[in-house]
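Participant: The structure under discussion is supplied below as structure tokens; questions concerning it will follow.
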């Protein structure tokens with residue numbers, strides 16, 4: 001392996017990082033829209049364990065590795081948690097207006 | 001908002017989840033390749049704090065929200081940690097052959 005090959009792998013990693021970043025933020029926007037849509041209907045926009053389990057099942061079913069399901073589930077739970085925090089923040093802002 | 005709109009948002013979320021899953025696994029493959037490439041050169045393939053800081057800086061610079069940098073950094077540190085575990089696992093396997 002030449003130095004160039006390592007640099008190329010790192011460039012690819014940086015590229016994938018930014019793609020993941022973009023999708024996590026896109027997901028955040030969708031979570032906000034979903035929360036808003038639910039709120040407009042007077043529905044509880046907070047944590048929905050059934051929906052979370054449903055999403056996790058779909059993710060596990062589609063996991064082809066190299067990461068094990070347990071690792072993937074851990075990462076997605078963190079991503080879901082971040083989404084919930086986004087809703088909390090929005091709700092606090094709502095109270096100020 | 002109709003029921004259909006909420007369903008549509010959820011379908012979009014499921015789609016984004018699977019895109020994130022695919023990229024996290026693609027990242028895992030790249031991490032494995034990088035570790036292998038380093039090992040072939042007798043370099044330490046483990047945790048590289050300088051490289052991690054470099055990646056996080058690039059990620060922060062490109063973060064357009066809605067997630068705050070602190071949340072994004074937390075999520076990526078978890079993703080990086082998962083990558084390290086993948087290397088550890090590979091290394092253990094190497095010792096068995």
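Participant: So what are the stretch B:1-75's ellipsoid semi-axes, whole angstrom, largest first, if each one is the square root of 5 times an eigenvalue of the alpha-carbon gyration tensor?
Facilitator: 35, 18, 7
Participant: Also: Would you order B:77, B:26 from fewest to most other beta-carbon atoms within 10 Å of each residue's own beta-carbon?
Facilitator: Lowest to highest Cβ neighbour count: B:77, B:26.
Participant: To continue, here is another question. How tilted is helix B:69-96 with respect to the longest principal axis of chain B? Cα atoms for both, answer in degrees (0 to 90, nearest 10).
Facilitator: Taking the Cα atoms of chain B, the angle to B:69-96 is about 40 degrees.
Participant: Taking neighbour Cβ counts within 10 Å as the exposure measure, how do A:85, B:57 sort from fewest upward?
Facilitator: Working: A:85 15, B:57 11.
Result, fewest neighbours first: B:57, A:85.
Participant: I've got another one for you. Principal axes first, then extents: for the Cα atoms of the protein assembly as shown, list largest minus smallest coordinate on each axis, whole Å, largest first.
Facilitator: 61, 34, 20
Participant: As a check on your grasp of the helix formula, calculate [θ] at 222 nm for the protein assembly as shown: sum -39500 (n - 2.57) over DSSP H runs of n ≥ 4, divide by the residue count, round to the nearest 500.
Facilitator: Details: 6 runs with 159 residues, N = 194.
Calculated at 222 nm, the ellipticity per residue is -29000 deg cm²/dmol.
Participant: Give the relative contact order (percent, whole number) for chain B; include only Cα pairs under 8 Å separated by 6+ residues.
Facilitator: Contact order relative to length: 31 percent.
Participant: On to the next question. What is the helix-to-structure angle for A:49-61, meaning the angle in degrees between its Cα long axis and the longest Cα principal axis of chain A, kept from 0 to 90 and rounded to the nearest 10?
Facilitator: With both axes taken from Cα atoms, the answer is about 20 degrees.
Participant: To the nearest 10 degrees, how steeply does helix A:3-40 sit against the main Cα axis of chain A, on a 0 to 90 scale?
Facilitator: The angle comes out at about 10 degrees.
Here, each number is a calculation from the coordinates, and none is a lab measurement. Keep in mind the model is a prediction, meaning the values are calculated, not measured. Heads up, the Cβs are rebuilt from the backbone with ideal geometry, glycines too, and the neighbour counts pull from every protein chain shown.
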